[in-house]
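Report on the structure given below.
The values are calculated or read from the model by the stated rules, or taken from the named source; none is laboratory data. Not measured: the values here are computed from a predicted model. Here the Cβ positions follow ideal geometry from the backbone for every residue, glycine too, while neighbour counts run over all protein chains shown. Calculation scope for accessible area: heavy atoms of the full protein, side chains included, ligands and nucleic acids excluded. Shrake-Rupley method; radii C 1.70, N 1.55, O 1.52, S 1.80 Å.
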Amino acid sequence: MSDERHILLVSHTGRRDSIDAAVEVCDLLHAAGVTPVMPFDEYADIRRAEASVGKVDILGVDVQLEDLEIVIVLGGDGTILRAAELARGTHAPLVGVNLGHVGFLAESERDGLGETVQRALSGDYNVEERVALQVDVVVGNEVVYSSWALNEATIEKASRERMLEVVTEVDGRPLSSFGCDGVVVSTPTGSTAYSFSGGGPIVWPNVDAILMVPLSAHALFSRPIVVGPDCVLAIEVLRRTSGVGVLWCDGRRTHDLPPGARVEVRRSPEPVRVARLKDAPFTDRLVAKFQLPVAGWRGPQHDDEETGGER
């Protein structure tokens with residue numbers, strides 16, 4: 001049995017700082033006696049940028065998905081979503097180093113890159129399973145398209161000048177019909193992304209739930225709703241809709257929705273595994289990422305005996 005270790009590196013190779021970070025990670029892995037694994041297109045991009053990463057195994061050629069131990073991701077949330085797509089079907093967790101703007105899914109920042117790699121090498125992390133969505137498009141009685149999402153599945157109008165007419169459903173019962181720009185069905189992980197921009201609530205990632213958030217709906221009742229993880233949500237594109245709609249899963253996978261199409265969304269049996277390096281509360285992450293004002297907070301009050309004096 002081989003003791004060779006396989007660590008996948010996924011980087012946003014369209015930015016020089018990401019390429020430099022990838023070179024640094026490869027150097028650290030080589031120093032530990034580990035050959036990094038990369039997707040071929042990213043390896044080719046780095047070579048075109050005249051950066052040297054040394055010996056690299058190519059994913060799908062030299063190393064297969066099932067052989068991966070962990071995935072180190074360099075970039076923003078979009079890069080992490082791409083890495084989740086690449087690693088789908090494996091048990092390898094993702095650990096993100098934020099090189100973007102907000103980076104909600106990232107576990108560390110650029111200045112913590114070396115520590116992140118060392119902890120990945122030593123297995124010094126906890127694995128957290130995040131809810132993912134199974135998404136099916138039904139036309140007639142036939143499933144014509146299936147996909148999944150870590151953040152959200154979005155049903156949108158395809159033409160800017162036309163409204164999308166939909167009817168929403170929860171567990172086989174109709175909820176409301178309206179014209180709108182679209183509907184977002186989100187996981188708790190995605191509640192800080194497109195769903196948040198559409199007016200949806202932020203849901204802590206340890207909550208098992210699914211969100212549905214209408215976008216610019218023309219209706220008296222068009223509030224976001226939060227349902228249990230075993231519920232099935234459906235959005236039907238009404239036949240009176242002129243033109244077509246479009247489904248997006250995590251902004252990466254897409255399918256056209258003709259009038260009469262039905263999108264069914266449920267919890268996926270396959271979660272996304274995330275490597276956690278810190279035990280910091282999600283509240284602290286919200287405050288840091290959104291730069292929320294907390295000046296004046298005193299926290300729980302304690303007796304003078306406990307604090308050594310007045311606060």
Return the long-range amide H neighbours of Ala261 (sequence gap of 5 or more, or a different chain), with a cut-off of under 5 Å between placed amide H atoms.
Val237
How much mean residue ellipticity at 222 nm does the chain get from its helices, if each DSSP H run of length 4 or more adds -39500 (n - 2.57) and you divide by all residues, to the nearest 500 deg cm²/dmol?
-5500 deg cm²/dmol
Modelled FRET efficiency - R0 51 Å, Ser122 with Thr254, Cβ distances, 0.05 increments
0.80
Taking a straight Cα-to-Cα line shorter than 20 Å from Lys157, and setting aside same-chain aspartates and glutamates fewer than 8 residues away, one finds Asp136, Glu165, Glu169, Asp181, Glu236, Asp250, Asp256, Glu264
Just check region 176-242 against the gyration tensor rule for me: Cα atoms, a ≥ b ≥ c as the square roots of the eigenvalues, rounded for a/c under 1.5, and otherwise prolate or oblate depending on whether a/b exceeds b/c.
prolate
Excluding residues on the same chain fewer than 8 positions from Lys278, give the aspartates and glutamates whose Cα lies under 13 Å from its Cα.
Glu107, Glu109, Glu115, Asp124, Glu128
Longest DSSP-loop-exposure-free segment, GluC sites (Glu not before Pro), the chain, at most 12 other Cβ within 10 Å:
162-309
Going residue by residue through region 243-254, the Karplus relation 6.51 cos²θ - 1.76 cosθ + 1.60 with θ = phi - 60° gives ³J(HN,Hα) values, rounded to whole Hz and with x marking Gly or Pro, of x, 10, x, 9, 9, 10, 10, 6, x, 10, 10, 9
Cα to Cα, under 13 Å, and not fewer than 8 places away if on the same chain: which aspartates and glutamates meet these conditions relative to Lys55?
Asp27
Amide H to amide H under 5 Å from Val63: which residues, 5+ apart in sequence or cross-chain, H placed 1.01 Å off N in plane?
Ile58
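Can you give the Kirkwood hydrodynamic radius of region 64-164 from its Cα pairs, in Å with one decimal?
On the way: mean 1/r = 0.0630 Å⁻¹.
Here the Kirkwood hydrodynamic radius works out to 15.9 Å.
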With the contact rule set at Cα under 8 Å and sequence spacing of 6 or more, what percent relative contact order holds for the chain?
16 percent
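Multiply the residue gap between Ala295 and Arg110 by 0.36 nm, knock off their C-alpha separation, and tell me the result in nm, one decimal place. Could the numbers behind the result be given before it?
Details: separation 185, 0.36 × 185 = 66.60 nm, distance 2.66 nm.
That pair, Ala295 and Arg110, stretches by 63.9 nm at full extension.
Given a 1.4 Å probe, how much area per residue of the chain is accessible, in Å²?
Numbers: 15360 Å² over 311 residues.
Ligands and nucleic acids excluded, the result is 49 Å² per residue.
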For Gly76, list long-range residues whose amide hydrogen, built 1.01 Å from N in the peptide plane, is under 5 Å from its own amide hydrogen.
Leu99, Gly100
Return P(r) of region 123-162 (all Cα-Cα pairs; 10 Å bins starting at 0; whole %; ordered from short to long distances).
21, 32, 29, 11, 7, 1
Rg over Rh, two decimals, region 120-237 (C-alpha only, Kirkwood Rh):
1.03
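Carbon and sulfur together cover what percent of the accessible area of region 63-184 at a 1.4 Å probe radius? Intermediate values should be presented prior to the final figure.
Working: 2190 of 5010 Å².
Looking at region 63-184 in its full context, I get 44 percent from C and S.
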Given the whole protein assembly as supplied and a 1.4 Å probe, what does the accessible area of Lys278 come to in Å², nearest 10?
100 Å²
Kindly write out, for region 171-186 in residue order, the coupling ³J(HN,Hα) from the Karplus curve 6.51 cos²θ - 1.76 cosθ + 1.60 (θ = phi - 60°), rounded to whole Hz, with x marking Gly and Pro.
6, x, 10, x, 10, 6, 10, 6, x, 6, 7, x, 9, 9, 10, 10
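Give, in whole angstrom and from largest to smallest, the semi-axes √(5λ) of the equivalent ellipsoid of the chain, with λ running over the eigenvalues of the Cα gyration tensor.
Details: eigenvalues 267, 163, 58 Å².
Working through the eigenvalues yields semi-axes of 37, 29, 17 Å.
Work out, in µm²/s and without decimals, the Stokes-Einstein translational diffusion coefficient of region 1-150 at 25 °C, 0.890 mPa s, Rh from Kirkwood over C-alpha pairs. Each step should come with its number before you reach the end.
Numbers: Rh = 16.1 Å.
It diffuses with D of about 152 µm²/s by this estimate.
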